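Student: I'd like to ask you about the structure that follows.
The values are calculated or read from the model by the stated rules, or taken from the named source; none is laboratory data. Source: prediction; values computed, not measured. Reconstructed Cβ throughout: ideal geometry from the backbone, glycine too, with neighbour counts over all protein chains shown. Accessible surface is based on the protein model in full, side chains and every heavy atom, while ligands, DNA and RNA are left aside. Shrake-Rupley method; radii C 1.70, N 1.55, O 1.52, S 1.80 Å.
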Amino acid sequence: MKVKIKEWNAIATWRWNMPDDEVCGICRVQFDGTCPTCKFPGDDCSLLLGKCGHSFHMHCLLTWIQQESSKGLCPMCRQKFEWKQNDE
Amino acid sequence: MLKIWSMKQQQQKAENAEGGKKKKKVTAAQLRVQRDLQELALGSTMKTTFPNPDDILNFTLTIEPDEGMYKGGTFSFTFTINQNFPHDPPKVKCSQKIYHPNIDLEGNVCLNILREDWKPVLNLNAVIVGLQFLFLEPNASDPLNKEAAEDLRLNREAFKRNVRTAMGGGAVKGITYERVI
């Protein structure tokens with residue numbers, strides 16, 4: 001029997017490469033969810049991985065870092081927060 | 001795919017039918033406070049009360065220390081949380097006029113994590129543990145009530161007596177304190 005495919009729809013799923021139950025320390029929402037100001041997860045609401053080993057939703061961390069009282073420090077360990085580049 | 005669209009449209013219609021007026025947006029601060037409140041470990045010595053149950057950003061915490069120099073007293077603190085929480089710490093004030101080295105006569109509290117050492121990964125539980133600790137271990141090195149701190153540093157026993165006097169509604173060095181027992 002020959003089958004002719006007329007149409008097909010591809011579906012894909014994705015998730016951040018993070019342990020299942022880990023939450024952002026600032027908003028306490030899972031990394032797979034968005035930060036509280038965003039509606040859709042993905043590149044528009046990405047994660048920031050710190051060199052100190054602590055990660056946050058990008059928007060959560062930026063709100064903190066832009067605040068003077070943060071002194072540019074990681075809210076977890078109080079080391080200077082520097083983020084890893086993608087290829088590191 | 002088509003089905004999802006029509007479902008979405010129906011949902012939109014239902015929302016519009018409700019009249020948009022009921023759309024109360026839950027803010028990031030509220031979400032975070034909700035989580036913090038769920039994780040609160042109050043134990044037997046603390047209690048929270050919400051004057052307005054719809055407003056979780058304003059509440060009162062009552063502490064009744066069951067050991068230490070302040071044992072037997074009832075102390076209440078008002079928590080005022082702004083929309084920038086958890087980037088800003090909660091504002092905490094003691095409602096009574098009490099004799100304590102780290103709490104001034106207006107009720108302002110000197111606790112590092114309420115000011116310079118606050119960071120957004122701390123939660124409300126950290127704050128209430130801090131408050132509880134102030135009653136177990138008053139700290140003379142970072143005072144808001146300088147006289148009380150001086151008393152504690154120079155003569156711990158005399159300080160203890162002053163605490164009892166003040167808690168009973170008496171006067172210490174000319175200042176009358178509120179009765180909290």
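Student: Exposed (fewer than 14 other Cβ atoms within 10 Å of the Cβ) and among the β-branched types (Val, Ile, Thr): is that true of B:Thr80 in this structure?
Tutor: So B:Thr80 passes the test.
Student: Okay, next question. Where residues in the range B:100-116 are open to solvent by 10 Å² or more (accessible area, probe 1.4 Å) and touching a residue at least 40 places away in the same chain (Cβ under 8 Å), which of them is nearest to B:Val172 (Cα to Cα)?
Tutor: Restricting to residues being open to solvent by 10 Å² or more (accessible area, probe 1.4 Å) and touching a residue at least 40 places away in the same chain (Cβ under 8 Å), the top hit is B:Leu105.
Student: On to the next question. Can you find a residue that is assigned to a loop (DSSP other than H, G, I, E, B) and surrounded by fewer than 14 Cβ atoms within 10 Å (Cβ to Cβ) anywhere in the range B:117-126?
Tutor: Yes, because at least one residue in the range B:117-126 is assigned to a loop (DSSP other than H, G, I, E, B) and surrounded by fewer than 14 Cβ atoms within 10 Å (Cβ to Cβ).
Student: Only one of these is surrounded by fewer than 18 Cβ atoms within 10 Å (Cβ to Cβ), more than 14 Å from every other protein chain (Cβ to nearest Cβ) and modelled with pLDDT under 95: B:Glu39, B:Glu15. Name it.
Tutor: Exactly one of B:Glu39, B:Glu15 is surrounded by fewer than 18 Cβ atoms within 10 Å (Cβ to Cβ), more than 14 Å from every other protein chain (Cβ to nearest Cβ) and modelled with pLDDT under 95, namely B:Glu15.
Student: Out of A:Leu61, A:Leu49, report the one residue that is over 22 Å from B:Asp117 (Cα atoms) and either at pLDDT 90 or above or not small (Gly, Ala, Ser) (or both).
Tutor: A:Leu49
Student: Among the residues of the range A:23-70, count how many are aliphatic (A, V, I, L, M), in contact with a helix residue (DSSP H, G or I) (Cβ under 6 Å, 6 or more places away or on another chain) and within 12 Å of chain B (Cβ to nearest Cβ).
Tutor: 1
Student: Hey, another quick one. Tell me the strands (runs of 3 or more DSSP E) entirely within the range B:23-113 that contain at least 2 residues that are closer than 30 Å to A:Leu61 by Cα.
Tutor: The strands (runs of 3 or more DSSP E) meeting that bar are B:58-63, B:75-80, B:91-94.
Student: For the range B:127-156, which residues satisfy the criterion of being surrounded by 19 or more Cβ atoms within 10 Å (Cβ to Cβ) and of a type in the set (Val, Ile, Thr)?
Tutor: B:Val127, B:Ile128
Student: Taking the range B:157-179, which residues are more than 18 Å from B:Lys146 (Cβ to Cβ), open to solvent by less than 40 Å² (accessible area, probe 1.4 Å) and assigned to a loop (DSSP other than H, G, I, E, B)?
Tutor: B:Gly168, B:Gly169, B:Gly170
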